[in-house]
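Peer 1: Input: one structure, supplied below.
The values are calculated or read from the model by the stated rules, or taken from the named source; none is laboratory data. It should be emphasised that the depicted structure is a prediction, and the values quoted were computed from it without experimental measurement. Here the Cβ is made from the backbone with ideal geometry for all residues, glycine too, and neighbour counts use every protein chain on show.
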Amino acid sequence: MSAIAGIWNVSESRDTGEEGEQLRRNLSKCPADCEGVWQEGTMFLTCRSRWINSEAVGVPNPYHDGGRRLTIVADAIIDNRKELLDRLGIQPGQHGEVSDQELILLSYDKWGTDAASKLVGDFAFVLWDERRGRLYGARDFSGGRMLYYHWNGRSFRFSSLIEPLLALEDTSRELNEQWLAQYVAITAVVDVVGMDQTVYRNVNQIPPAHYFLLENGSLTLSRYFWLDSVKKLCLKNDHDYVEAFREVFQEAIDARVRTFRKVGAQLSGGLDSGAVASFAARRLRRDDHSLYTYSYVPVSDFVDYTPRWYAADETPYIAQTVAHIGGINEHYLAFEGADPYSEIDGMLGIMEMPYKFYTNSFWLKGIFEHAERDGVGVLLNGGRGNLSISWGDAIPFYAELMKKMRWGKLMEELALRRYAAGTGRKHLLSLVGRELLTGLPGRKEKTPPYQVIINEGFAARTGVYEVLRQHGIGQDGWLASTNAYINRSNHFQELYHWNASNTLAAKLSYRYGVWKRDPTNDLRVISFCLSLPEEQYVHKGMSRALVRRATEHMLPDGIRLNETIRGVQGADWLHRVLPKWEQLHSEFQDMLGNAALLEMVDGNVLRAALGELSDGVSPSDAHGRHINALMVSLILHRFLKQAA
């Protein structure tokens, strides 16, 4: 993990040292094993490096290659090292001597601006090519690391964090109305669709899957990767598909446990995190190492109000997984005394922007704090699993079979599904029929779970609905389509889906020195999963069938074959806040006097929501429309006050 920054005074002869030193000082809160600076003429690069893998130890970052006249500063872990080193002609015995920043530099030397498209991993880097007089940089395909910049036509400044750029004398803190309009208009946890923007008008970001090139006084951004042309895989039998998945998934796991520090993992009672933990523990056992797992559980006095098919406390399921896998140093964390309301200012400081994931903010941050204290360098999770390794809900698949009139296959699957799901064929057919009806144009299955809170005047002035429409989002603030397959495709084509979770993970890593890594988001894993026939995901009555079959003997059957109980995290967030309800309610009322907020948010919606909660709340209101509208607005209210 590295926090990077730099300046190039392109058309100004003034020395960059003073501004560069200011940038360097403003990265000082990021934990580091060493700090590096490289300066030559009008170019200044700096980095605070937290060593994660052995190849990084003691290697300068920024890294200068005098012979090639190339200099790079990088925040990167490259996962396809062997492939690249072989293609670069590096002898196997020398692979361990090449750091990831040097590997990127050598890739650029061979492939030029195509270098980013050759890399697999999490990265953001900037490279100075002295021979050509140009600056080149890129972010990985899903934005796992951050790269912000300010460009005024004369001077280019960049940083892993926003605040060091804002602290420079001539960078305005003016807010970005378009970013704020998208943020308020989108009702899901996604922030915005404009991936080159930030909440500040004069600070931009390099979008995921893009590289930039600055030469001859001109800055250009280019997308280097799309997931739209994956070749379909055709293997001999079901066994071969499972074995092929195991191979590619283990490769992704092995790349992510490449560290001399301890390896941790977020572990719930479900399939995705269980699969990650089981494959990782197996790999770590070879070196006699344990896997540290961190599991959020509700506070002890919480009474579960969720329906019987949900589990707010996943402790029994997690315990089954831990006992079956072995080699795990487990931690069950209730975070007694913590709550999302008390975390708002601290989380705003970490995120440097408003956020919507308040229900889980306290425990996500808390896991990083615990992992840091335990000496963990890499924290695994399975955040992208629902759309990659564990894709395959049965009902949408059956609806597709019905649309294609594959009656024999449908009847066979329904007969087997009755036993897997513990329900009757008549009920299954009604669910399939409902799925077909909701897929018709203009139909929605039900009212969206969250309210649209944007001020309509603000929406009209910024043209935000048209912007969102171009990205597949309707005026209800979320995906216009109800088709699971269309929405999955949208997820892998539209960069904004990755932004919220990856931004949080990156910002927490810069604060705590723990790198969160997701093997279910590995580019090779995703490409493999997209190449499979849908019959591998819904198979013989089993939903999410690929990962269930692939983890046979690796996970207990009670977890692997569970089709009836689902974990729900953060269910106790409002229960935690109840002792502070009067204070929170008072602040809700106060924010109705924030004129800047009410230019963006519909005050009538907030007043109506507050009226609905006038008699108080109970823990079961935790995921209600009214409390969500108020909490999202409150976090924005706090941010606007801080930014004023």
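Peer 1: Got a number for residues in the stretch 243-286 being basic (Lys, Arg) and not in a helix (DSSP H, G or I)?
Peer 2: 4
Peer 1: Scan (1) surrounded by 18 or more Cβ atoms within 10 Å (Cβ to Cβ); (2) touching a residue at least 60 places away in the same chain (Cβ under 8 Å); (3) under 31 Å from the mean Cα position of the chain (by Cα) for the single condition Trp151 breaks and write down its number.
Peer 2: Trp151 satisfies every listed condition except (1).
Quick grid of which residues meet (1) of a type outside the set (Gly, Ala, Ser); (2) over 30 Å from Arg549 (Cα atoms); (3) touching a residue at least 60 places away in the same chain (Cβ under 8 Å):
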position: Val203; (1), (2), (3): yes, yes, no
position: Tyr211; (1), (2), (3): yes, yes, yes
position: Leu221; (1), (2), (3): yes, yes, no
position: Tyr241; (1), (2), (3): yes, no, yes
position: Arg258; (1), (2), (3): yes, no, yes
position: Ser278; (1), (2), (3): no, no, yes
position: Ser290; (1), (2), (3): no, no, no
position: Ser300; (1), (2), (3): no, yes, no
position: Tyr305; (1), (2), (3): yes, yes, yes
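Peer 1: Then there is this: In the list Trp478, Trp515, Trp498, which residue meets the criterion of being over 26 Å from Pro396 (Cβ atoms) and touching a Ser or Thr at 6+ places or on another chain (Cβ under 6 Å)?
Peer 2: The unique qualifying residue is Trp515.
Peer 1: Let me ask something additional. Within the stretch 312-357, how many residues are buried (at least 16 other Cβ atoms within 10 Å of the Cβ) and closer than 30 Å to Leu147 by Cβ?
Peer 2: 13
Peer 1: Let me ask something else. Checking His95 against (1) surrounded by fewer than 22 Cβ atoms within 10 Å (Cβ to Cβ); (2) at pLDDT 95 or above, which single condition isn't satisfied?
Peer 2: Only one criterion is unmet by His95, namely (2).
Peer 1: Is one or more of the residues making up the stretch 583-598 assigned to a loop (DSSP other than H, G, I, E, B) and either modelled with pLDDT under 95 or in contact with a strand residue (DSSP E or B) (Cβ under 8 Å, 6 or more places away or on another chain) (or both)?
Peer 2: No, that holds for no residue.
Peer 1: If you go through the stretch 358-376 one residue at a time, how many are surrounded by fewer than 24 Cβ atoms within 10 Å (Cβ to Cβ) and either over 15 Å from Lys507 (Cα atoms) or modelled with pLDDT under 95 (or both)?
Peer 2: 7
Peer 1: Which residue pairs have Cβ atoms under 9 Å apart, sit 6 or more places apart or on different chains, and have a first residue in the stretch 314-332 that is more than 19 Å from Phe302 (Cα to Cα) and a second that is basic (Lys, Arg) and surrounded by 15 or more Cβ atoms within 10 Å (Cβ to Cβ)?
Peer 2: Ile325/Arg282; Gly327/Arg282; Asn329/Lys262
Peer 1: What number of residues in the stretch 613-642 are assigned to a helix (DSSP H, G or I) and crowded, with 16+ Cβ neighbours inside 10 Å?
Peer 2: Qualifying residue count, the stretch 613-642: 18.
Peer 1: Still on this structure, I have one more. Do you know which of the residues in the stretch 99-130 that are assigned to a helix (DSSP H, G or I) and among the charged types (D, E, K, R) is surrounded by the most Cβ atoms within 10 Å (Cβ to Cβ)?
Peer 2: Of everything passing the filter in the stretch 99-130, Asp100 is surrounded by the most Cβ atoms within 10 Å (Cβ to Cβ).
Peer 1: Are any residues in the stretch 480-505 without any contact (Cβ under 8 Å) to a residue 40 or more places away in the chain and closer than 26 Å to Met146 by Cβ, and if so, which ones?
Peer 2: The answer is Asn490, and nothing else.
Peer 1: Now for a separate question. Just to be sure, is Gly93 part of a helix (DSSP H, G or I) and either free of Cβ contacts under 8 Å to residues at least 24 places away in the same chain or of a type in the set (Asp, Glu) (or both)?
Peer 2: Against the criterion (part of a helix (DSSP H, G or I) and either free of Cβ contacts under 8 Å to residues at least 24 places away in the same chain or of a type in the set (Asp, Glu) (or both)), Gly93 qualifies.
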